[in-house]
1. When the residues of region 157-182 are filtered to those that are in a helix (DSSP H, G or I), free of Cβ contacts under 8 Å to residues at least 60 places away in the same chain and of a type in the set (A, V, I, L, M, F, W, C), which remaining residue is surrounded by the fewest Cβ atoms within 10 Å (Cβ to Cβ)?
2. Going by what's in this entry, would GLU206 be described as more than 22 Å from GLN276 (Cβ to Cβ), free of Cβ contacts under 8 Å to residues at least 40 places away in the same chain, surrounded by fewer than 21 Cβ atoms within 10 Å (Cβ to Cβ) and acidic (Asp, Glu)?
3. Does region 183-226 hold any residues that are assigned to a helix (DSSP H, G or I) and either of a type in the set (Val, Ile, Thr) or in contact with a strand residue (DSSP E or B) (Cβ under 7 Å, 6 or more places away or on another chain) (or both), and which are they?
Amino acid sequence: MDPDAPENERQDGGSAMERFSKDARFEARMLDKETPITPEQEGVLREWLVEYRETNGNGGAPLGWNELAQRVGLGGKSSTVLAEVCRGTYRGNRERVLRLIDQFLATEAERSRQANIRGFVKIGLVGLIVGAMKQAISRRSFGIVSGGPGSGKSVIIKWFAGRHDGAVSIIADDTDCDPKFIVDALHAAFKLAYAPTVRERKRAIEEYLQTHRNVVVLVDEAQKLTRSALETLRGLHDKSDVDGIRNTPVILFGDEDLYRRVVRSRGGERTPLSPQFTSRLFPVFSCERHGVQRGGKGQGEMAVVFTTEDIEAIIKRGRLKIRQSAIGWLVRLANLHGFGRLRLAARVAEIAIDLADGATLTVDHLRAAADLFLGPDDARLAVSEMDQPMTAAVAAAG
């Protein structure tokens with residue numbers, strides 16, 4: 001069976017989330033020496049290095065490229081190499097530079113003795129989001145990615161636009177949300193020649209899309225777009241290839257209001273979204289809802305079970321001392337339905353690290369951290385749930 005066949009044509013039981021995960025899988029910070037670096041890993045390393053540069057300069061300014069190149073181990077004269085790698089334009093031995101970057105970031109994390117827990121928590125979700133984006137791009141469709149604040153949408157937009165030739169991003173707000181905003185923003189993003197009227201600018205965009213097949217349009221805060229703005233995007237998408245084969249992919253990022261508008265429209269309810277628009281939407285990915293499957297009793301269960309190895313990966317990244325019993329406690333908390341799962345376990349672990357203050361992390365530290373973060377009542381409820389027999393899926397975590 002072709003693993004790249006659309007989900008509705010597959011017979012192997014693979015879910016959309018599994019497809020997305022395979023499309024965008026990448027590992028945590030330390031690269032495998034024996035495995036080639038994937039484009040996803042490269043993009044994440046570049047994002048992390050740019051973040052390091054922006055947060056480790058002096059007086060609020062980014063760290064200079066010369067200084068950063070010296071820290072990475074390239075030497076000050078290789079600053080242009082590092083800048084080109086971060087822009088995705090370097091044509092030399094990119095793999096060597098990326099492995100140096102990876103080692104440098106890992107060494108910095110160890111030196112600071114800070115477990116990069118938040119980064120770890122995002123990896124699974126980021127993989128699904130990027131996988132959904134790749135589906136939209138491969139199908140030349142409209143993609144929807146919805147999620148609350150902190151789910152990483154804006155960071156992913158910035159990262160993807162920086163590494164994908166032809167990708168442009170625009171952001172809507174309460175004022176810039178109508179068809180004129182769409183036309184003006186895209187006309188500026190494509191750096192097209194001056195045109196005095198909206199009609200002329202729109203025609204220039206259509207001609208540009210018809211001759212530039214690598215374009216991907218990313219729209220942030222898309223829940224703020226008016227119906228007519230969305231229809232303008234649909235019109236540009238349709239006219240980019242009248243044959244309907246190589247249409248320009250458009251990916252809309254927004255909050256749960258955007259998701260609900262789409263789902264209501266597809267469910268037959270009367271909404272401002274037209275059938276012509278919603279029929280072009282695939283995939284429709286919700287950070288809050290997808291990755292969740294229904295168990296035999298109807299309860300929501302995450303499709304992913306977090307294992308002892310997952311938790312150890314968090315701990316090892318910070319070179320922390322932790323008792324095995326404490327790792328097991330975190331595993332049970334990470335797989336606890338209804339309490340936020342790995343994100344909760346990561347936050348509790350962060351607080352416990354501060355409480356331990358360099359000492360070996362124990363279950364007592366974790367319990368105290370849970371009390372501080374959840375409050376005594378919810379913490380007791382969580383511990384009570386954790387002490388009950390685990391489901392077969394969670395028990396497989398070890």
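1. ALA161
2. Answer is no for this residue.
3. Within region 183-226, the subset assigned to a helix (DSSP H, G or I) is 183-189, 198-211, 222-224.
Of everything in region 183-226, those that are assigned to a helix (DSSP H, G or I) and either of a type in the set (Val, Ile, Thr) or in contact with a strand residue (DSSP E or B) (Cβ under 7 Å, 6 or more places away or on another chain) (or both) turn out to be VAL183, ALA185, LEU186, ALA189, VAL198, ILE205, THR211, ALA222, GLN223.
Computed from the coordinates by the stated procedures, all read-outs in this text should not be read as laboratory data. Predicted model only: the values in this text are computed from it and were never measured. In this analysis, Cβ positions are derived from the backbone assuming ideal geometry, glycine residues included, and neighbour counts consider all displayed protein chains.
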